[in-house]
Each structure stands twice: as structure tokens, then as C-alpha cells.
Amino acid sequence: MKTRLTLIPVLSFLFLRALSAQEIYTLDRILDSIRQNHPVVKMYTREIRSMDEAAEGARSWMPPQFAIGSFMTPYNINRWSREGEMTGMGSIMISGEQMLPNKKKLDAEERYMKAMSSAEYDQRNNVLHELVHDAKSLFFETMILNKKLAVLGSNRQILEFMVQNAESRYQFGLGKIGAYYKAKAALGNLKNMQWMIESEIRDKHFRINTLMGRNPTIPLELDTLFHLNDFSLWVFDQALFFSNRSDIRALDQRIRLNWLRQDAEKQTLRPQFGLRYEHMFGFGGQPLLFNLMGMVSIPMVKWSSKMTRANIESLKWQAMSYEAKKEMLANEYSGMAYAMRNELQLKIRQLSGYEETIIPALKNNLQTMQLGYEQNTEELFMLYDAWEALNMKQLEYFDLLNQALRSQVELERLIQQK
């Protein structure tokens, strides 16, 4: 009884482990995992936090300055003391100085520094989009390889039937020896192809696991569902890319940052005021003295404002450069998108031809030849030719499907469709 009770948790653990090993990862689940776990997300999130924290100091004042020392004190220390009616000379002075910030300048600096992280946020989204679409490419390529492997397994069974049947017939002199050796060589070549595809699948599993932030060697089983999207009604104009592309939105943020920086530079041309207070302790009976002064800096004068005005002009032209770059990128992306859509539509039409006509006809041909071969009305080489034609077209179909899915992923990457 105790042995049975001990086995229950062990069996339960093994059952749960088996279930987890059979867990299937859909494309959406993989993409969600990348968005949450990839190190680039953490890197940019912390960089954005760093900029936001730095922006908290935008309204800082200039530090106060304090000083202490002698003031108008003679070198002859005998004169420091009082002599009769004559008071001593010199004093100890304590001074303090504080420049008062211009409120408009502080406001402009705060707006600029708080906006700095927005450009980094769009840059993070742009990098993340690239990772997501890399994962999509790997997912679809792995799915195609799995489908190829399944078809090759089915075709291998037919080829093994031919080889075994030919060996049996050859013993009784009923087979064509040339076709037999071609079939046997094809069988070896097919096995090599299967091993190569299995290796490619493992390689892509490693890369998908890495993108998800998991141990690359963890077994991975992927969902096989897919669909080709219809982009025929899409209009790939500038407005689409201005709203969708993170790199273009990042340029918008840089333009905004330039204008905010320009505004902050303009505020530095405003006068800045300050206060200075000095208190003197006189030697030899001198009265307590003080100085109270107001100060003003005049940065707008020509000889001190050259650099600031040059920076303002430079920022203006840089913003205009970003505007031109936006137009250039949007036009380039638009042309690329229409070309990609045209290529995708061509691939979809070709796939329809394979699915509706070519492969069904070749399958019927193989079935007919196999039936005739079994009834001794067809030769082995005819059956082999029918098998070879079907196998080749099936592999061509999967290559074409892979190209179509790759075109779709590249188009989605270009328009940054989520």
C-alpha cells in the first residue's frame, strides 16, 4: 500500500512533465514572450527611466556661493588695532551670492528634458518590431520545414515500396535493374534531405528560444496554422508610414526635441538676475558694515551670444533635415511596399495553380502508375518517374509557399503591422 502511495506523486510528476513537453507554441505566444522577455526591452526601458529621472533635475537653480576672508586689510598688522581716537583698519568679510533663475528658461529646459525619452521609446518600438518579424520569419520557415519533412516521410514510404518490390521481382527476373538503382539512390538522397531538414529545424528552434529569452536547448513544438493575408485593398501612402513606422515617429520626436532645444537656447539670451550680500566685521572699533547688490547678466549682447545664436540656427536646419528625411523614407517605403505586394500576389496565384491543378494531377498520375505497376501493366521506371515528378513539385510548392510567407513577413515588417 505504501509503495502505491509513493508511486502516485512520482507518476503525477511524470504525467505533468509529459504534458508540458507536448505544449504547443503559437505564433502569438512566441511574439508576446519576445515583447516581455527579450533583453532589448529591458535595456530600452531602463534607458527611458534614466532619462526621465534626469528630467527631474531640470528646474535646478545655480548653487549659492559663500566666501569668507579679509577685506581692505593693511599688511601692517599694527594698524589693525585702535590707536586713541583712530579706529583700526581692515575687516573680516562674509559674503553670499545667489543667481535667480529665469522661470521661462526653467520651463523650456523641463519641457526639453521630459521629451527626450519619447524618441528613445519609439526607437525601442522600432527595434522590437524587427525582433518580432525575425521571429515570424523563423516560425514560418520552421513550419514549412516540418511540412516538407512530413511529405518526404510519405514519399519515402512509396520509394521504399518500389525498392522492396523491385528487389522481390528482380529475384525472379521481372524487374528493370536500371530503374531499381535509380530508386535506391533516390531513397538515400531523400534520407540525407530529411537529416538536413531536421538539423535546420533544430537550428531555428535554438534561435526562436533565444528570442523568447529561454534556454536555446529547451524542446519546442510549434503550431502549424498559418494564413496568407490579403493586402490588395491597402493604400501604401505617406500617411500610413507616418502613423505606423516607429523610425519615422522617432524622427518626429527628434524634430520636436529640436524645437524644444531651440526654445531653451532662446531663453538663455534673456537676462538673469542675482543677489549678493556681504557683511564685514571691522577691526579696532570699526562699525559693522554690509554691502547688498543686485546683479544682472546680459547674454544677449553680440559678443557673448554668438554661440547661442549659432546653435539656434543649427537646430532649425537640423529639424528641416529631419523633415526631408521623413519624406524620403516614406516615399522609399511606399515604393517598396507596392513592389512587395505585387510579388506576394504573384506567389499566391502560383500557389493556387499548384494546389488546384499541378499537385492533384501528379498525385492521380502516381496512383495510376502504382496501380498499373502492381498489376504488371506498367514498368518500374514509369512509376519512378511519376514519383519523382510529384516529389519535385511538392518540394517546389513548399519553396514557393516559404517565399510567399517571407514576402508577407517583409511587407508586414515594412509597414510595421502588429
All but one of (1) over 27 Å from residue 382 (Cβ atoms); (2) surrounded by 15 or more Cβ atoms within 10 Å (Cβ to Cβ) hold for residue 183, so report the exception by its number.
(1)
Please go through the range 373-406 and pick out each residue that is part of a loop (DSSP other than H, G, I, E, B) and either touching a Leu at 6+ places or on another chain (Cβ under 6 Å) or buried (at least 16 other Cβ atoms within 10 Å of the Cβ) (or both).
378
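Quickly run through the range 73-100 and pick out the residues that are closer than 30 Å to residue 60 by Cα and of a type in the set (A, V, I, L, M). So that I can check it myself, show each step before the final result.
At the first step, the residues of the range 73-100 found to be closer than 30 Å to residue 60 by Cα are 93-100.
Hits for the range 73-100 are 93, 94, 99, 100.
Give the residue that is modelled with the highest pLDDT, with candidates limited to residues of the range 18-31 that are loosely packed, with under 10 Cβ neighbours inside 10 Å and assigned to a helix (DSSP H, G or I). Spell out the reasoning first.
Pass one, the range 18-31, residues loosely packed, with under 10 Cβ neighbours inside 10 Å: 18-20, 22, 28.
Imposing the further condition that a residue be assigned to a helix (DSSP H, G or I) reduces the set to 18-20, 28.
On the way: 18: 46, 19: 42, 20: 45, 28: 87.
Among residues in the range 18-31 that are loosely packed, with under 10 Cβ neighbours inside 10 Å and assigned to a helix (DSSP H, G or I), the one modelled with the highest pLDDT is 28.
Go through the range 182-222 and count every residue that is touching a helix residue (DSSP H, G or I) at 6+ places or on another chain (Cβ under 9 Å) and either not β-branched (Val, Ile, Thr) or not in a helix (DSSP H, G or I) (or both).
Of all residues in the range 182-222, those touching a helix residue (DSSP H, G or I) at 6+ places or on another chain (Cβ under 9 Å) come to 182-184, 186-187, 190-191, 193-194, 197-198, 200-201, 204-205, 207-208, 211-222.
Retained after the next criterion (residues that are either not β-branched (Val, Ile, Thr) or not in a helix (DSSP H, G or I) (or both)): 182-184, 186-187, 190-191, 193-194, 198, 200, 204-205, 207, 211-222.
Matching residues across the range 182-222 total 26.
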From the list 106, 152, 145, 138, exactly one residue is at pLDDT 90 or above, within 30 Å of residue 47 (Cα to Cα) and part of a helix (DSSP H, G or I). Which is it?
138
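Output the residues belonging to the range 305-351 that are in a helix (DSSP H, G or I) and of a type in the set (Gly, Ala, Ser). Steps first, answer last, please.
Let us first name the residues in the range 305-351 that are in a helix (DSSP H, G or I), namely 306-351.
Listed by number, the residues that qualify are 310, 314, 319, 321, 324, 330, 334, 335, 337, 339.
A quick yes/no check of all residues on (1) aromatic (Phe, Trp, Tyr); (2) within 28 Å of residue 417 (Cα to Cα); (3) touching a residue at least 12 places away in the same chain (Cβ under 8 Å):
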{"position": "330", "(1), (2), (3)": "no, yes, yes"}
{"position": "333", "(1), (2), (3)": "yes, yes, yes"}
{"position": "339", "(1), (2), (3)": "no, yes, no"}
{"position": "344", "(1), (2), (3)": "no, yes, yes"}
{"position": "348", "(1), (2), (3)": "no, yes, yes"}
{"position": "353", "(1), (2), (3)": "no, no, no"}
{"position": "363", "(1), (2), (3)": "no, no, yes"}
{"position": "371", "(1), (2), (3)": "no, no, no"}
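Within the range 262-292, how many residues turn out to be small (Gly, Ala, Ser), closer than 22 Å to residue 95 by Cβ and more than 59 Å from the chain's Cα centre (by Cα)?
Residues that pass the stated criteria total 2.
If you scan the range 32-88, which residues turn out to be part of a loop (DSSP other than H, G, I, E, B) and surrounded by fewer than 12 Cβ atoms within 10 Å (Cβ to Cβ)? Explain how you work it out, then say what you get.
Narrowing the range 32-88 to residues part of a loop (DSSP other than H, G, I, E, B): 38, 56-64, 72-76, 81-82, 84-85, 87-88.
Within the range 32-88, 56, 57, 60, 61, 63, 64, 72, 75, 76, 84, 85 meet the criteria.
Scan the range 303-335 for residues that are of a type in the set (Lys, Arg), touching a helix residue (DSSP H, G or I) at 6+ places or on another chain (Cβ under 9 Å) and under 21 Å from residue 265 (Cα atoms) and jot them down.
Within the range 303-335, 309, 316 meet the criteria.
Quick grid of which residues meet (1) in a loop (DSSP other than H, G, I, E, B); (2) of a type in the set (Ser, Thr, Tyr):
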residue: 229; (1), (2): yes, no
residue: 243; (1), (2): no, yes
residue: 247; (1), (2): no, no
residue: 252; (1), (2): no, no
residue: 258; (1), (2): no, no
residue: 261; (1), (2): no, no
residue: 269; (1), (2): yes, no
residue: 284; (1), (2): yes, no
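The values are calculated or read from the model by the stated rules, or taken from the named source; none is laboratory data. All values derive from a computational prediction rather than experimental measurement. Neighbour counts run over all protein chains shown; Cβ positions are idealised from the backbone, glycine included.
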